[in-house]
Amino acid sequence: MIPAEASTCGVTTAGAVYCWGANDAGQLGDGSTIGRTSPVAVVGGLSFATVSTLLGHTCGVTTGGAVYCWGGNHAGQLGDGTTTNRSSPVAVQGGLTFATVSVGPFHTCGVTTAGAAYCWGQNVSGELGDGKPFESSRTSPVAVVGGLTFATVSLGYAHTCGVTTGGAAFCWGSNSAGQLGDRTAVDRSMPALVKTLAEGGLTVATLRTGGVYTCAVTSRYAAYCWGWNYHGQLGDGTTTNQASPVRVAPPAHGGT
């Protein structure tokens, strides 16, 4: 189950998706734009393995590896070749077989069963990772360049990060607060290695992006974060932005 800022969706053990909350763009997938205060079934009779939702759109991977999306689509984030909002699931174009999918506010990325990353939707800062000049949007999947084999991807407001099957972290897109972790504030349209972790011989086990920051947990259970830190969300004891990973400080006074 993945909560969003104004709506929530979850997958039952039988593979049905239920959503609740705001529904102004059809992100609950029940064929309407009526907000719901209790779970409603996503229409279409599809069987899902995973689902991801954020702000105005939702995407899920079926048990057969197809990705379906619904909700807001002004930037092509549903991947169906249009910019039309959908209140029920539509198939993402391309015929790819996905293992996982992750949504950001205005773009979406997934990893195929072969480990290739594809993205679609808004691309004003290079967040789709296709290596081309920044464009307004892509309405169907484009391959992330670099020939990397990914295990997972995670999406922020306008940046994307992924973990390779070898445990290396790469990020691309907006870098205004150092959220790519490459020691610069330069936007990237292709994956950039998070050098500090790689140079330290650290293997990333999991990684999650916030709006304009990123955090990772290594295989040795150490947490590192980088990017925007106005509210202290990097956990390093400061409110200073960081363009490379900093280790999350231990709890004060030995607390848990």
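So how many residues does the stretch 156-174 have that are under 16 Å from residue 130 (Cα atoms) and either open to solvent by 10 Å² or more (accessible area, probe 1.4 Å) or part of a loop (DSSP other than H, G, I, E, B) (or both)?
The total comes to 3.
Say whether the condition of being closer than 20 Å to residue 20 by Cα, charged (D, E, K, R) and either in contact with a strand residue (DSSP E or B) (Cβ under 8 Å, 6 or more places away or on another chain) or touching a residue at least 60 places away in the same chain (Cβ under 8 Å) (or both) is met by at least one residue in the stretch 75-86.
Among the residues of the stretch 75-86, at least one is closer than 20 Å to residue 20 by Cα, charged (D, E, K, R) and either in contact with a strand residue (DSSP E or B) (Cβ under 8 Å, 6 or more places away or on another chain) or touching a residue at least 60 places away in the same chain (Cβ under 8 Å) (or both), which makes the answer yes.
Can you name the number of the only condition in (1) within 25 Å of residue 240 (Cα to Cα); (2) part of a strand (DSSP E or B) that residue 153 fails?
Just one mismatch for residue 153, condition (1).
Take residue 126 and tell me if it is farther than 20 Å from residue 80 by Cβ and either open to solvent by 30 Å² or more (accessible area, probe 1.4 Å) or outside any loop (DSSP other than H, G, I, E, B) (or both).
So residue 126 does not fit the description; no.
Looking only at the stretch 12-35, which residues are out of contact with any Leu (no Cβ under 6 Å at 6 or more places or on another chain) and not in a loop (DSSP other than H, G, I, E, B)?
17, 18, 20, 21
If you take the residues of the stretch 4-23 that are surrounded by 15 or more Cβ atoms within 10 Å (Cβ to Cβ) and of a type in the set (Val, Ile, Thr), which of them is nearest to residue 34 (Cα to Cα)?
8
Tell me, which residue of the stretch 181-225 that is free of Cβ contacts under 8 Å to residues at least 40 places away in the same chain and touching a Cys at 6+ places or on another chain (Cβ under 9 Å) is nearest to residue 142 (Cα to Cα)?
192
Being touching a Pro at 6+ places or on another chain (Cβ under 8 Å) and not β-branched (Val, Ile, Thr) is the filter here; which residues of the stretch 60-98 pass it?
Once the filter is applied, which keeps residues that are touching a Pro at 6+ places or on another chain (Cβ under 8 Å) and not β-branched (Val, Ile, Thr), the stretch 60-98 yields 60, 68, 69, 70, 79, 93, 94, 96.
Can you pull out the residues in the stretch 183-231 that are open to solvent by less than 50 Å² (accessible area, probe 1.4 Å), over 21 Å from residue 250 (Cα atoms) and at pLDDT 95 or above?
184, 189, 191, 192, 194, 212
Among the residues of the stretch 61-82, are any polar (S, T, N, Q), open to solvent by less than 10 Å² (accessible area, probe 1.4 Å), modelled with pLDDT of 95 or more and not in a strand (DSSP E or B)?
Among the residues of the stretch 61-82, at least one is polar (S, T, N, Q), open to solvent by less than 10 Å² (accessible area, probe 1.4 Å), modelled with pLDDT of 95 or more and not in a strand (DSSP E or B), which makes the answer yes.
The values are calculated or read from the model by the stated rules, or taken from the named source; none is laboratory data. None of the values given here were measured: they were computed from a predicted structure. Cβ sites come from the backbone with ideal geometry, for glycine too, and all protein chains shown count toward neighbours. Surface accessibility is based on the protein's heavy atoms, side chains included, excluding ligands, DNA and RNA. Shrake-Rupley method; radii C 1.70, N 1.55, O 1.52, S 1.80 Å.
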